[in-house]
Amino acid sequence: MTELSAHLPQFQHGQLTENFPDNHLSNTNDNSERRRHDNSERRRNDNPESETNGQPQNIQQVVEQDEEEDEELTLKYGAKHVIMLFVPVTLCMVVVVATIKSVSFYTRKDGQLIYTPFTEETETVGQRALNSILNAAIMISVIIVMTILLVVLYKYRCYKVIHGWLIISSLLLLFFFSFIYLGEVFKTYNVAMDYITVALIIWNFGVVGMICIHWKGPLRLQQAYLIMISALMALVFIKYLPEWTAWLILAVISVYDLIAVLCPKGPLRMLVETAQERNETLFPALIYSSTMIWLVNMAEEDPEAQRKASKSSTYPKQAPANQPQNEDAEADDGGFSQEWQQQRDNRIGPIESTPESRAAVQALPSNSQTSEDPEERGVKLGLGDFIFYSVLVGKASATASGDWNTTLACFVAILIGLCLTLLLLAIFKKALPALPISITFGLVFYFATDNLVQPFMDQLAFHQFYI
Amino acid sequence: AFFWLVSLLLSSLIWFIAVKASDPRDEPLQKGLLIFGVMFSVLLQEAFRFLYYKLLRKAIEGLVALSEDGCSPISIQQMAYVAGVGFGLMSGAFSMINLLADALGPGTVGIHGDSQLYFLTSAFMTMVLIFLHTFWGILFFHGCEHQRWWEIMAVVVMHLAVSGSTFCNPLYVGSLVPSYLLMAAAAAWAYLLSGGSAHNLRRFLLCKS
């Protein structure tokens, strides 16, 4: 069973993607329309007549203004995205640290995974170092092989195999690991519990989790489940990976993440590009998304045919039919982003999304116009990132002599790394590895705080000096 | 918070090197080294506050250049406040959190002859430091904005004074009282610099619209 559990992480790797409207052409079209609605743009245009004549001039101005508007938007929404990702990452880390601090099961050494066969209880330091390097090498090669296998399966459209794999892994996580977790929590707090109640709880938890993650469900619930399974996975890693091996694996995996996402032949980059070519979403079971994803399988529906079908229908029906999907997306503007509203206005003329219009629309038969990208403004973070961040912070809290200081320092370091990564994402606008910067900061701060700051703060606290 | 952490890291690195290079059995020397470490850390913290100011300045310029109406959505005063709070919270967290964790467990305070008010005074001292960091942030940034070097020097001197006063511990009256007085002064000064006045204060307290 530990085999299957380890299958999960190697394809939940750090990748960060941001969904801008995929079609560059549609982007510029929207922007040129947006220009007419935007007053400041009109001020920048010296002569308003250039809108009607002088086409080349127009296009040039459009291109420049595109870039400026893009930057504006990225900065405006960038801060929001950062917060949207801070909260789940923080929650995951908090859950892991709380569990480590209270439940002793996860800090007890009960053997190792078969992926790390070499023990670290050796006589000499050199032997220990060698063993941990070998362990890390084995683990990383397993991860690489699994990732390549996943990419190959995806390329050759063996969706059934991938889905079966994912379903088995999430079944294992949701039922078995949470059963163990619940059992250990009960043991820690000495709570008496009967099997029937536990069976009921775990059954409900697992089934709702499977539905939320693999099919449809409320966004918050899906996010909560993804956080929970990341935390469970991270706890497994913390328990079963010996010390030096864990740190080495963290370091090597951030290097691997960098290579896999940025090199042209990297498996993760190929995965993301193939998904974008086919205009599909990546598997929802592997990615945390901050906005609504309605689709699990876009491969069955032909997006092109749908777009043509939608254009043939009457205009007023087209945009309102999109409304039911986007209603859950964000709570502002009645569920529509500013960009989306402007796009809609430009296509069909201004329509206000009032409760009456929404009610009228919901009475219409909904044709599944799901090909219009529902996740316009969301930021996505791979679950592997959550897991490895939590592993770092969890290991820091479990094994550091500086205890809470070290934990806090690693936490801040990881969040700042995430900030920087999101900044780079806003600048480069393509899938980026989320692990390297954060893990590097985290590791540096862990070792520095544990060895340097800890004695200093101890001495200061002893004498009650304050800095 | 991150910048404060980095400054703490560097200062403890220096201290660590100094300690390792010296004789561990020599008590007064160790204490002297600790004092040196504290002073150095204070200076480093202020240096990092300055660096953070530079970074925020650049960020504001970027925001202004890209905004539609020529002013940035967040002002430098707000940033000063946030920076101060970040510094303060981080410093407070690092000072208190291990104490709090230990306080959860069983034990007797001061059983070996130390002061029984250890936890209480630590809590008060931490609180005053957090407040002070917030006010110093506002003062410091204001001084940098308007090129008033004496304000910056005042912040540095105040910080050194507060840290220095803690060397009197466990004679708590020597450290807590001056720190609180300095905090009141810094609070009033920061309030005046942020545009407040006695009139504003009175209106606020009497809940006039």
Which residue is farthest from the chain's Cα centre (by Cα), if the candidates are limited to segment B:74-103 and must be facing chain A (nearest Cβ under 8 Å) and not aliphatic (A, V, I, L, M)? B:N98
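Check segment A:124-132 and report whether any residue there is farther than 17 Å from A:F388 by Cα, exposed (fewer than 15 other Cβ atoms within 10 Å of the Cβ) and among the hydroxyl-bearing types (S, T, Y).
Yes.
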Leading residue by the ranking (surrounded by the most Cβ atoms within 10 Å (Cβ to Cβ)) among those in segment B:20-56 that are part of a helix (DSSP H, G or I) and over 25 Å from the mean Cα position of the chain (by Cα): B:L29
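Results for (1) within 11 Å of chain A (Cβ to nearest Cβ); (2) out of contact with any Phe, Trp or Tyr (no Cβ under 7 Å at 6 or more places or on another chain); (3) touching a residue at least 40 places away in the same chain (Cβ under 8 Å), shown as yes or no for each residue.
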residue	(1), (2), (3)
B:V109	no, no, no
B:L120	no, yes, no
B:M125	yes, no, yes
B:F131	no, yes, yes
B:L139	no, no, yes
B:Q147	no, yes, no
B:A161	no, yes, no
Hey, any hits in segment B:58-66 for a residue that's more than 30 Å from B:F167 (Cα to Cα), part of a helix (DSSP H, G or I), within 12 Å of chain A (Cβ to nearest Cβ) and touching an Asp or Glu at 6+ places or on another chain (Cβ under 7 Å)? yes
Could you say whether any residue in segment A:393-400 is under 30 Å from B:M125 (Cα atoms), among the aliphatic types (A, V, I, L, M), more than 11 Å from chain B (Cβ to nearest Cβ) and surrounded by 23 or more Cβ atoms within 10 Å (Cβ to Cβ)? yes
Residue that is at the interface with another protein chain (Cβ under 10 Å from one of its Cβ atoms), among the hydroxyl-bearing types (S, T, Y), assigned to a helix (DSSP H, G or I) and touching a helix residue (DSSP H, G or I) at 6+ places or on another chain (Cβ under 9 Å), where the choices are A:T421, A:T449, A:T440: A:T449
Kindly indicate the residue of segment B:170-203 that is within 14 Å of chain A (Cβ to nearest Cβ) and more than 19 Å from B:H133 (Cβ to Cβ) and also surrounded by the most Cβ atoms within 10 Å (Cβ to Cβ) among those meeting that condition. B:Y172
Restricting the first residue to segment B:19-42 and requiring it to be at the interface with another protein chain (Cβ under 9 Å from one of its Cβ atoms), which pairs with a second residue that is not aliphatic (A, V, I, L, M) meet a Cβ separation below 6 Å and a spacing of at least six or different chains? B:L34/A:Q459; B:G37/B:W15; B:V38/A:F465; B:V38/B:S163; B:S41/B:S11; B:V42/B:H159; B:V42/B:S163
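Among the listed residues B:A59, B:A65, B:A47, identify the single one that is within 23 Å of B:S11 (Cα to Cα), out of contact with any Phe, Trp or Tyr (no Cβ under 8 Å at 6 or more places or on another chain) and of a type outside the set (D, E, K, R). Can you show your working first?
Details: B:A59 fails: within 23 Å of B:S11 (Cα to Cα); B:A65 fails: within 23 Å of B:S11 (Cα to Cα).
After applying the criteria, what remains is B:A47.
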Check off (1) more than 22 Å from B:G195 (Cα to Cα); (2) among the small types (G, A, S); (3) in contact with a helix residue (DSSP H, G or I) (Cβ under 7 Å, 6 or more places away or on another chain); (4) not in a helix (DSSP H, G or I) for B:G92 and give me the number that stays unchecked. (4)
Within segment B:3-15, does at least one residue satisfy the condition of being assigned to a helix (DSSP H, G or I), without any contact (Cβ under 8 Å) to a residue 24 or more places away in the chain, more than 9 Å from every other protein chain (Cβ to nearest Cβ) and farther than 26 Å from B:M127 by Cβ? no
In a helix (DSSP H, G or I), in contact with a Leu (Cβ under 6 Å, 6 or more places away or on another chain) and among the β-branched types (V, I, T): does that describe B:V155? yes
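Determine if segment A:405-413 includes at least one residue that is in contact with a helix residue (DSSP H, G or I) (Cβ under 8 Å, 6 or more places away or on another chain), away from chain B (no Cβ under 14 Å) and in a helix (DSSP H, G or I). Steps first, answer last, please.
Initially, segment A:405-413 is screened for residues in contact with a helix residue (DSSP H, G or I) (Cβ under 8 Å, 6 or more places away or on another chain), giving A:405-413.
Remaining after also requiring away from chain B (no Cβ under 14 Å): none.
No, every residue in segment A:405-413 fails to be in contact with a helix residue (DSSP H, G or I) (Cβ under 8 Å, 6 or more places away or on another chain), away from chain B (no Cβ under 14 Å) and in a helix (DSSP H, G or I).
None of the figures in this text is laboratory data; all of them are computed from the coordinates on show. Since the structure is predicted, the reported quantities are computational estimates derived from the model, not experimental observations. So basically every Cβ, Gly included, is an ideal-geometry build from the backbone, and we count neighbours across all protein chains shown.
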